[in-house]
Amino acid sequence: MFIEESQDDPDDWMTALLRSPIFQRLPPTNLQKILMSLEAVHFNKGEVIVDQGGIGDYYYLIKNGQCELTRRPSPNAKEIRLAQLATGDTFGEDSLLSDAPRNVTITALTDISLLRLNKQQFVSLIKEPSLSFVTYLEMRAALKQGAILLDVRSPDDYENYHLDGSINEPFFSLRMQLKTLNRQKPIIVVCGDGKTSEAAVFLLLRNKINAMILRGGIAGIKPEPADKIEVVAGRHSETIHRERELKQPAGISSDVQDNPVRLLQSEVEALKATNQQLTDKCLKLEFDKQHAERQIRALHKQLEKLTQVLDKLKEG
């Protein structure tokens, strides 16, 4: 990798940047600072841009070239190809928003030129002015007005306990469910501590879905003494009322023997691994579908141009 000098280049990447719903939400001064702060970098074909498990340090925009996203569901599993990105696409925000390690590997398919912002610039210029937060009481008021409460934790965490009235759509599969979400109502996103919610809301906003974050997640709920929170224990459909703290359901009964428990845990882990692999494959198919749709639109435009040329030739 080597650093390039940033140059004015009114190509497709600039058009994609200004048309993005995220960037349309930003003040003009922020856009100006972003354009002045973008650092141009270049990777050769075959070079790894982002490593799965690495630390999130930059937000990237593709100026010219192509790259692919791959993921290993587990350390010893086969690498799965998830998507192909091209000029105008962006990546890298999930890790910056959630403070979690990178969840995919991104490799240059061609010689590729990128524009990047470091984490501090991304947070101050893009994240903070883009994301909206609500308190628990504001969330309850919004739900009465028809808002949707979306829990983006894992199915296991949701099954253990969740806020009453919420629906579960884990963050790792949220991209595949965007078309099924109700775009007519505001969505309030909740997770354990609020970090994953930030990445989820950024994704929703980028796809023109009005979304807000429950500040601090479930762990940050601090109701008034007289206020009660409804937390549903999924396995028993039991509503637990409490005033100050969220209580998790009781653990496994002491009369369960060790061997059956370990066997059950092993089966659960195997099912989780299989589920993750299937999810990754579904995500890959969805990205492939989107890529094919883009190609079809491009071919359709070319066909229209050729038809116009043919019509002119016939007239001549």
Qualifying position, being in the same structural domain as residue 38 (by TED's automatic domain parsing) and either in a strand (DSSP E or B) or touching a Phe, Trp or Tyr at 6+ places or on another chain (Cβ under 8 Å) (or both), among 117, 150: 117
Residues 71, 102: which one is outside the structural domain of residue 207 (by TED's automatic domain parsing), at pLDDT below 90 and basic (Lys, Arg)? 71
Residue 103 fails exactly one of (1) part of a loop (DSSP other than H, G, I, E, B); (2) touching a residue at least 12 places away in the same chain (Cβ under 8 Å); (3) more than 19 Å from residue 56 (Cβ to Cβ), namely (3)
Considering only residues that are within 21 Å of residue 42 (Cβ to Cβ) and of a type in the set (Gly, Ala, Ser), which ones fall in the range 55-111? 56, 65, 86, 88, 92, 108
Which condition breaks for residue 41 when tested against (1) outside any loop (DSSP other than H, G, I, E, B); (2) touching a residue at least 60 places away in the same chain (Cβ under 8 Å); (3) within 21 Å of residue 196 (Cα to Cα)? (3)
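The values are calculated or read from the model by the stated rules, or taken from the named source; none is laboratory data. Everything numeric here is computed off the predicted structure, so don't read it as measured data. Virtual Cβ from ideal backbone geometry, glycine too; neighbours counted across all protein chains shown.
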